Amino acid sequence: MQTEDEQSGLVGHRMPGGRARIEPYVDWLVRDVVGAPQRASGDDTVHPAVAFLVAQGNVGLELEEVFALFGASSQDGPLLGEWTVDFARVLRTGVDYDVSCQVERVVRKRGARTGVFDLATVEIGLDAPDGARHATVRPTYVFPRREGS
């Protein structure tokens with residue numbers, strides 16, 4: 001188990017990031033899955049849930065590598081605790097967004113039933129070609145810890 005000092009040393013760590021283009025079919029599929037109305041002809045705005053998919057899928061690391069950064073693996077049973085998205089502007093299909101990602105905070109907690117666990121929040125930015133931030137996504141991962149491991 002990583003120490004609290006090792007965990008706090010991750011704050012500010014940048015992941016490679018990447019570039020993402022939201023294709024119209026991705027928006028169509030998300031709307032279909034969540035039961036939202038499809039876009040009107042000529043409308044290029046995307047469903048808000050697409051922001052999470054685009055952000056999470058383009059941090060420049062595979063999910064297992066993200067877990068490893070926090071001293072965990074998928075066998076440890078990590079969870080997505082919560083996520084938020086703040087929109088400065090709507091996301092649109094056909095736009096190439098630059099994706100940046102850094103560790104925002106890591107907190108160690110202890111639950112009466114759950115024992116020790118870490119909450120790791122990363123900030124993922126989606127920026128348009130002109131550099132303007134369109135959305136900020138913040139997933140918080142929950143890493144159960146086994147004492148003595």
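The values are calculated or read from the model by the stated rules, or taken from the named source; none is laboratory data. Not measured: the values here are computed from a predicted model. Cβ: placed from backbone, ideal geometry, glycine included. Neighbour counts: every protein chain shown.
Summary of values
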| read-out | value |
| --- | --- |
| Residues being of a type outside the set (Gly, Ala, Ser) and more than 23 Å from Gly9 (Cα to Cα) - total across the stretch 97-135 | 10 |
| Unmet criterion (only one of (1) farther than 22 Å from Leu53 by Cα; (2) among the aliphatic types (A, V, I, L, M); (3) in contact with a strand residue (DSSP E or B) (Cβ under 9 Å, 6 or more places away or on another chain)) for Ala112 | (3) |
| Cross-chain or 6+ apart pairs with Cβ under 7 Å, the stretch 90-101 first and closer than 18 Å to Arg138 by Cβ, then polar (S, T, N, Q) | Val99/Asn58 |
| Count of the stretch 56-86 residues which are touching a Lys or Arg at 6+ places or on another chain (Cβ under 9 Å) and outside any loop (DSSP other than H, G, I, E, B) | 6 |
| Any hit, the stretch 40-62, residues being β-branched (Val, Ile, Thr), under 30 Å from Arg105 (Cα atoms), touching a residue at least 40 places away in the same chain (Cβ under 8 Å) and touching a helix residue (DSSP H, G or I) at 6+ places or on another chain (Cβ under 6 Å) | yes |
| Exclusive hit being without any contact (Cβ under 8 Å) to a residue 40 or more places away in the chain, among the acidic types (Asp, Glu) and either at positive phi or part of a strand (DSSP E or B) (or both), set Glu123, Glu104 | Glu123 |
| Residues of the stretch 1-29 classified as more than 17 Å from the chain's Cα centre (by Cα) and not charged (D, E, K, R), total | 11 |
| Which numbered condition Val46 fails, given (1) under 13 Å from Ala135 (Cα atoms); (2) under 16 Å from the mean Cα position of the chain (by Cα) | (2) |
| Candidate set from the stretch 82-92 (those that are surrounded by 14 or more Cβ atoms within 10 Å (Cβ to Cβ) and either modelled with pLDDT of 95 or more or among the hydroxyl-bearing types (Ser, Thr, Tyr) (or both)); member that is farthest from Phe52 (Cα to Cα) | Arg92 |
| Residues that are surrounded by 11 or more Cβ atoms within 10 Å (Cβ to Cβ) and farther than 17 Å from Gly81 by Cβ, drawn from the stretch 111-145 | Gly125, Leu126, Asp127, Ala128, Arg133, His134, Ala135, Thr136 |
| Every pair of residues 6+ apart whose Cβ atoms lie under 6 Å, when the first sits in the stretch 1-26 and is within 30 Å of Ala40 (Cα to Cα) while the second is part of a strand (DSSP E or B) | Gly18/Val99; Arg19/Asp96; Arg19/Asp98; Ala20/Tyr97; Ala20/Val99; Arg21/Asp96 |
| Output for the stretch 87-101, where each listed residue is of a type in the set (Val, Ile, Thr), in a loop (DSSP other than H, G, I, E, B) and touching a strand residue (DSSP E or B) at 6+ places or on another chain (Cβ under 6 Å) | Val90 |
